[in-house]
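The values are calculated or read from the model by the stated rules, or taken from the named source; none is laboratory data. Because the structure is predicted, anything quoted here is derived from the model rather than measured. FYI the Cβ positions are ideal-geometry reconstructions off the backbone, even for glycines, and counts take in every protein chain you see. Please note that ligands, DNA and RNA were not included when accessible areas were found on the heavy atoms of the full protein model with its side chains. Shrake-Rupley method; radii C 1.70, N 1.55, O 1.52, S 1.80 Å.
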Amino acid sequence: MAANNRRMSGKKGAQVGSGGQRRRGLEGKGPTPPAEMRKGHKKNRIATAKAKQVQRRPVARGRGGKGTSEMVVGRNPVVEALREGVPASTLYVQQFIDNDERVREALQLAAERGGINLMEAPRPELDRMTNGLNHQGLVLQVPPYEYAHPEDLADAAYDAGEDPLIVALDGVTDPRNLGAVVRSVSAFGGHGVVVPERRAAGMTAGAWKTSAGTAARTPVARATNLTRALEAYKKAGIVVVGLAADGEAEVGELEALDGPVVIVVGSEGKGLSRLVGETCDFRVRIPMPGGAESLNAGVAAGIVLYEAARRRA
């Protein structure tokens, strides 16, 4: 009996249950983050160094120049920008962020696209980068857009054996309108869009999203002076047509749309500026039986581009 007691004395008594904690521990904390996101990993150090180089690198100037970089801030905007193919150089992710569905999708989209640096940063750093905006732990850096030169658009058309079909925007300041015009130009076989360098919408992330991906194949040129750019087009034999509510003719009556043409669209409120209006060869109007006073730039450009494409078919 004593021997039996000695044998039993080494056994453990009843144990308190873990309450499922061990089972939950075995489930893990989700997929392993990419190497670029793991602090101390070689790829993380390389990505960090590259991101710093990009931020310090001076902006190069092309024929049409470059825009400025910008930040897309917040979980939903970042995911939408990545879905729409908005160009991006770096995705910043807050340290110890709650790994919800949007964060996982952003990381997956950035990894699948390739060429996007993944950077982990503390919240105070993201607050500083975004000037205190509600970034929700995700910030996407969009590189400067490289603009074409106005001459490039006509040259590309002639190289393809086609008459140039170009849209110029005068005083349009909403990037979504610019994106809509780019989409219409692409849909109707146009060769690009010209915008002024100052007091005008540029190719921001919002314009990229509205273009629904067409900005990747439809160039946008930037002119230092829009009036001089239009005069250069006229000297090259391209007809300049301005849209105006008090135009002398209706769009459907304009035979000039058959050949090389630049369609100039003004702002919804003010229309064409005086100098631009005086530079146009023709000023035409879009008939509106419904009585609306004006159309936004994207809709107006789409109507005239359709008429030009119909005549050229």
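A few points about this structure:
- Test for Leu165: is it open to solvent by less than 10 Å² (accessible area, probe 1.4 Å) and farther than 21 Å from Val299 by Cα: no
- Of residues in segment 287-297 being over 31 Å from the mean Cα position of the chain (by Cα) and over 15 Å from Leu254 (Cα atoms), the one surrounded by the most Cβ atoms within 10 Å (Cβ to Cβ): Met288
- Only a single item in (1) open to solvent by less than 20 Å² (accessible area, probe 1.4 Å); (2) assigned to a helix (DSSP H, G or I) is not met by Gly242, and it is number (2).
- Taken residue by residue, segment 196-216 has no member that is in contact with a strand residue (DSSP E or B) (Cβ under 7 Å, 6 or more places away or on another chain), within 25 Å of Ala313 (Cβ to Cβ) and either open to solvent by 40 Å² or more (accessible area, probe 1.4 Å) or of a type outside the set (Val, Ile, Thr) (or both).
- Listed conditions (1) of a type in the set (Lys, Arg); (2) at pLDDT below 95; (3) out of contact with any Leu (no Cβ under 6 Å at 6 or more places or on another chain) are all met by Arg311, apart from (3).
- Among the residues making up segment 270-286, a single one is in contact with a strand residue (DSSP E or B) (Cβ under 9 Å, 6 or more places away or on another chain), open to solvent by 70 Å² or more (accessible area, probe 1.4 Å) and either of a type outside the set (D, E, K, R) or part of a helix (DSSP H, G or I) (or both): Phe282.
- Scanning segment 259-269 for residues that are small (Gly, Ala, Ser) and either in contact (Cβ under 8 Å) with a residue 40 or more places away in the chain or open to solvent by less than 10 Å² (accessible area, probe 1.4 Å) (or both) yields Gly259, Gly266, Ser267.
- Residue among Ala256, Ala232, Ala309, Ala300 that is open to solvent by less than 20 Å² (accessible area, probe 1.4 Å) and either within 20 Å of Ser186 (Cα to Cα) or part of a helix (DSSP H, G or I) (or both): Ala300
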